[in-house]
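Here is the structure we will look at.
The values are calculated or read from the model by the stated rules, or taken from the named source; none is laboratory data. Bear in mind that the values here come from a model prediction, so they are computed numbers and not experimental data. Here the Cβ is made from the backbone with ideal geometry for all residues, glycine too, and neighbour counts use every protein chain on show. When the accessible area is computed, the model is the full protein with side chains, heavy atoms only, and any ligands, DNA or RNA have been set aside. Shrake-Rupley method; radii C 1.70, N 1.55, O 1.52, S 1.80 Å.
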Amino acid sequence: MLEDILAIPDHLRDALWRVDSARIAPAESAGVLVCGMGGSAIGGDLAVAALGARLTKPLLTVRGYELPSWTTPDWTAFCSSYSGDTEETLACFAAAAALGARRIVASTGGALVEAAREDGVAVIGLPGLLPAPRAGVAYMLVCAAEVAALSGAAPSIGAEIEAAATSLGRRTDDLRTRAAEIAVRLAGTLPVVYGADLTAAAARRWKAQFNENAKLPAFFSELPEANHNEICGWPDGAATGARQAAVLLEDADQHPRVRRRFELTAEAIAATGAEVVRVETAGESRAERLLWAVMLGDLVSIELAEARGVDPLPIEAIDGFKAALGRPQ
């Protein structure tokens, strides 16, 4: 898992090549629905963050079995499933077909690719040697962003991603050092990761990586919304006896009022006795700063896994749940 995290710069370049190799014809759409779950869905959230105000049409992530009720045939359904057998994604693929919406697939194979081939749907082939879908985060982000461009929802940020890959490759040692420092401060805590705008999707990624890699309960939240409710829960949380921690993912280009909210949130949480870790993104472009935050969080999760003596690869809880759920009828 560590090797694949450190290979994110290479994955970004390979992903751009794979999208280009799929030879997907550009077609104007009303918007793009990224249909996926878990590590196959996060690319949609990250693409929205990377694109920011450059999005000219909706780019929405659908985590479930059904498309939104308002979906019309002029939307594009981008169905992303690393295994190709995610039942929720397969259901959305079928729903888009029934609706007559344009479909694009990203996967390694499975039932999804088989159905796509039968229907003449374009497939972006993903590398099949990754140890888990969550290791393909760079592929999922690039695919979602470039599908948005091919659907007329945003300009291509391929050049920005290429530059980010080069920069991240140079920052690897610094990222590993920073990750080790953060992991020491988070050891033995129940972490809540906060983000805003650019870093909100990164906060979701940190939380999921803590869950799957380090086998830890963790949560994520977003400012400014958390200041309107969640902030009240910190004193009570500290009183329960659980050792808590807050990670605040900040960005140099964030709204000045949001910056002030991060400062006050850090002060308020620290006053409860909880550990507070403040992290500010590094990089020139939105894509680079976002990917820097993602890569750092992935590395922190591996450090925590090592400190706990757990293997980050197995996900017995998820496998057992899927087995109990059985195949859809």
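Test of understanding: among Ala180, Ala214, Ala196, Ala187, which residue is under 18 Å from Ala50 (Cα atoms) and among the aliphatic types (A, V, I, L, M)? It would help to see each step written out before you state the result.
Details: Ala180 fails: under 18 Å from Ala50 (Cα atoms); Ala214 fails: under 18 Å from Ala50 (Cα atoms); Ala187 fails: under 18 Å from Ala50 (Cα atoms).
Unique residue meeting the criteria: Ala196.
Restricting attention to segment 278-291, which residues are in a helix (DSSP H, G or I) and within 15 Å of Asp197 (Cβ to Cβ)? Don't jump to the end; show me each part of the working.
Going residue by residue through segment 278-291, those that are in a helix (DSSP H, G or I) are 286-291.
Arg286, Ala287, Arg289, Leu290 - these are the residues of segment 278-291 that are in a helix (DSSP H, G or I) and within 15 Å of Asp197 (Cβ to Cβ).
Quick check on Pro155: is it open to solvent by 10 Å² or more (accessible area, probe 1.4 Å), in contact with a Lys or Arg (Cβ under 7 Å, 6 or more places away or on another chain) and assigned to a loop (DSSP other than H, G, I, E, B)?
Working: open to solvent by 10 Å² or more (accessible area, probe 1.4 Å): yes; in contact with a Lys or Arg (Cβ under 7 Å, 6 or more places away or on another chain): yes; assigned to a loop (DSSP other than H, G, I, E, B): yes.
Yes.
Test Arg289 against the stated conditions and say whether it is open to solvent by less than 60 Å² (accessible area, probe 1.4 Å), more than 16 Å from Ala135 (Cβ to Cβ) and in contact (Cβ under 8 Å) with a residue 12 or more places away in the chain. Spell out how you get there, then give the answer.
Details: open to solvent by less than 60 Å² (accessible area, probe 1.4 Å): yes; more than 16 Å from Ala135 (Cβ to Cβ): yes; in contact (Cβ under 8 Å) with a residue 12 or more places away in the chain: yes.
When the stated conditions are applied, Arg289 passes them.
Mind listing whichever residues of segment 67-95 are farther than 19 Å from Gly38 by Cβ and either touching a residue at least 60 places away in the same chain (Cβ under 8 Å) or not small (Gly, Ala, Ser) (or both)? So that I can check it myself, show each step before the final result.
Kept after step one, since they are farther than 19 Å from Gly38 by Cβ, are these residues of segment 67-95: 68-76, 94-95.
Pro68, Trp70, Thr71, Thr72, Pro73, Asp74, Trp75, Thr76 - these are the residues of segment 67-95 that are farther than 19 Å from Gly38 by Cβ and either touching a residue at least 60 places away in the same chain (Cβ under 8 Å) or not small (Gly, Ala, Ser) (or both).
Which condition breaks for Asp119 when tested against (1) open to solvent by 20 Å² or more (accessible area, probe 1.4 Å); (2) touching a residue at least 24 places away in the same chain (Cβ under 8 Å); (3) charged (D, E, K, R)?
Evaluating Asp119 over (1) open to solvent by 20 Å² or more (accessible area, probe 1.4 Å); (2) touching a residue at least 24 places away in the same chain (Cβ under 8 Å); (3) charged (D, E, K, R) leaves (2) as the failure.
Given the structure, is Val48 in contact with a strand residue (DSSP E or B) (Cβ under 7 Å, 6 or more places away or on another chain) and either more than 30 Å from Ala305 (Cα to Cα) or not aliphatic (A, V, I, L, M) (or both)?
Numbers: in contact with a strand residue (DSSP E or B) (Cβ under 7 Å, 6 or more places away or on another chain): yes; either more than 30 Å from Ala305 (Cα to Cα) or not aliphatic (A, V, I, L, M) (or both): no.
No; evaluated as a whole, the condition is false for this residue.
From the set of residues in segment 21-50 that are within 20 Å of the chain's Cα centre (by Cα) and open to solvent by 30 Å² or more (accessible area, probe 1.4 Å), which is nearest to Ser156 (Cα to Cα)? Walk me through how you get there before you give the answer.
Here is the first cut: in segment 21-50, the ones within 20 Å of the chain's Cα centre (by Cα) are 31-50.
Okay, now just the ones that are also open to solvent by 30 Å² or more (accessible area, probe 1.4 Å), so 37-38, 45, 48.
Details: Met37: 24, Gly38: 25, Asp45: 16, Val48: 12 Å.
Filtering segment 21-50 for residues that are within 20 Å of the chain's Cα centre (by Cα) and open to solvent by 30 Å² or more (accessible area, probe 1.4 Å), the one nearest to Ser156 (Cα to Cα) comes out as Val48.
In segment 165-277, which strands (runs of 3 or more DSSP E) lie fully inside it and hold 2 or more residues that are open to solvent by less than 10 Å² (accessible area, probe 1.4 Å)?
Details: elements: 190-195, 219-222, 244-250.
Because the criterion is at least 2 residues that are open to solvent by less than 10 Å² (accessible area, probe 1.4 Å), the strands (runs of 3 or more DSSP E) in segment 165-277 that meet it are 190-195, 244-250.
For residues that are open to solvent by 30 Å² or more (accessible area, probe 1.4 Å) and in contact (Cβ under 8 Å) with a residue 40 or more places away in the chain, tally how many sit in segment 6-20.
Kept after step one, since they are open to solvent by 30 Å² or more (accessible area, probe 1.4 Å), are these residues of segment 6-20: 6, 10, 13-14, 17-18, 20.
From the residues that got through so far, the ones that are in contact (Cβ under 8 Å) with a residue 40 or more places away in the chain too are 6, 10, 13-14, 18.
Residues in segment 6-20 being open to solvent by 30 Å² or more (accessible area, probe 1.4 Å) and in contact (Cβ under 8 Å) with a residue 40 or more places away in the chain: 5 in total.
Of all residues in segment 178-220, which are under 25 Å from Ala132 (Cβ atoms) and without any contact (Cβ under 8 Å) to a residue 40 or more places away in the chain? Break it down into steps so the answer makes sense when it comes.
First, pick out the residues of segment 178-220 that are under 25 Å from Ala132 (Cβ atoms): 178-180, 182-183, 186-187, 189-193, 195, 199-220.
Result: Lys207, Asn211, Pro217, Ala218, Phe219, Phe220.
Kindly list the number of the only condition in (1) surrounded by fewer than 20 Cβ atoms within 10 Å (Cβ to Cβ); (2) within 17 Å of the chain's Cα centre (by Cα); (3) modelled with pLDDT of 95 or more; (4) of a type outside the set (Ser, Thr, Tyr) that fails for Ala132.
Only one criterion is unmet by Ala132, namely (3).
Check Leu150 against each of (1) among the aliphatic types (A, V, I, L, M); (2) open to solvent by 30 Å² or more (accessible area, probe 1.4 Å); (3) within 14 Å of Ala15 (Cα to Cα) and name the one condition it does not meet.
(3)
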